[in-house]
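Colleague: Below you will find the structure I want to go over with you.
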Amino acid sequence: MDVPVGGSISENIRFVLEQIRHATQQTGRPEGSVRLVAATKSVGLEQIREGIASGLTILGENRLQEALPKIEGLRGAPIQWHFIGHLQRRKARSVVGVFDLIHSVDSLELAEEIEKRAQEAGLRQALLLEVNLEGEATKTGFRPDELEGLLPRLGALPHVEVKGLMAIPPPTSDPEQSRPYFRRLRELAELLSRQSISSVSLKELSMGMSSDYSVAVEEGATMVRVGTAIFGARRG
């Protein structure tokens, strides 16, 4: 079971980290090879501070307008900020350089916009490529069959650093039903890595959320995005 029953934020964090550690050991991967990204959508600053005091080091936000006051309010805290929601091209300027990693780059056009804004800011922006594994109409993302051809173009962007892939499987109440999708994303990353593009690393796999993160870790996740299992049910 990936979701704790009740408990304080600190207890929930200990539970989630223990589940991650166990799943990592089960597959013979090194301890510490999977990072917990705490999804803080609709979570208040006091709860987030409690989470940081209990060991959270990476916070993931879905909405820019909600994230910016939190980033300011937690300035100086020993944390990283990741952008994990859908990113519109017109908001790329406000995200670049503010977040350590963007998980949800879903098109070449968005990557090119990030490149433009990163060049203006004089930095390199780390990002992940979002993959729409099933071609779901309700989701954005690259099709698996188009990434091989696009990867050299993405790798040619000098102010963008492609670190890996991200995906969200179709919703299900059974974590095991997510396993084939996590496996497909890992296999896609292994396939694409054969191109050996110097500016592209596909070592990071952001997959798995509150209901299925243990399965994701077993299938190769290096980052899991967990909110409800830490902070409880979201509002809004």
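Colleague: Identify the trypsin sites (Lys or Arg not before Pro) of the stretch 8-100 meeting these criteria: DSSP loop state and at most 10 other C-beta atoms within 10 Å of the C-beta.
Modeller: Answer by residue number: 75.
Colleague: Still on this structure: Straight-line reach only, C-alpha to C-alpha below 22 angstrom: list the lysines that residue 91 could link to, leaving out same-chain residues fewer than 8 apart.
Modeller: 41, 70, 116, 139, 163
Colleague: Which residues' amide hydrogens lie under 5 Å from the amide hydrogen of residue 160, considering only partners 5 or more residues apart or on another chain, with H built in the peptide plane?
Modeller: Residues meeting the criterion, in which the H sits 1.01 Å from N, are 125.
Colleague: Report D for the stretch 69-156 in µm² per second (integer): Stokes-Einstein, Kirkwood Rh on Cα pairs, 25 °C, 0.890 mPa s.
Modeller: The Stokes-Einstein estimate is 176 µm²/s.
Colleague: If we sort 178-186, 132-140, 220-228 on the protection proxy, mean other Cβ atoms within 10 Å, highest first, what's the order?
Modeller: Taking the mean over residues of other Cβ atoms within 10 Å, the ranking is 220-228, 178-186, 132-140.
Colleague: Also, quick follow-up: Would you please give the residues with an amide H less than 5 Å from that of residue 142, counting only those at least 5 places away or on a separate chain, with H modeled from the backbone geometry?
Modeller: 130, 131, 132
Colleague: Moving on. Take the alpha carbon gyration tensor of the chain, find the square roots of its eigenvalues, order them as a ≥ b ≥ c, and report rounded if a/c is under 1.5; if not, report prolate when a/b exceeds b/c, else oblate.
Modeller: oblate
Colleague: Further question on the same structure: Give the long-range amide H neighbours of residue 35: residues separated by 5 or more places, or on another chain, with amide H under 5 Å away, using H modelled in the peptide plane at 1.01 Å from N.
Modeller: The answer is 223, 224.
Coordinate-derived values only; no laboratory data. This is a predicted model, so every value here is computed, not measured. Note: ideal-geometry Cβ built from the backbone for every residue, glycine included; neighbour counts use all protein chains shown.
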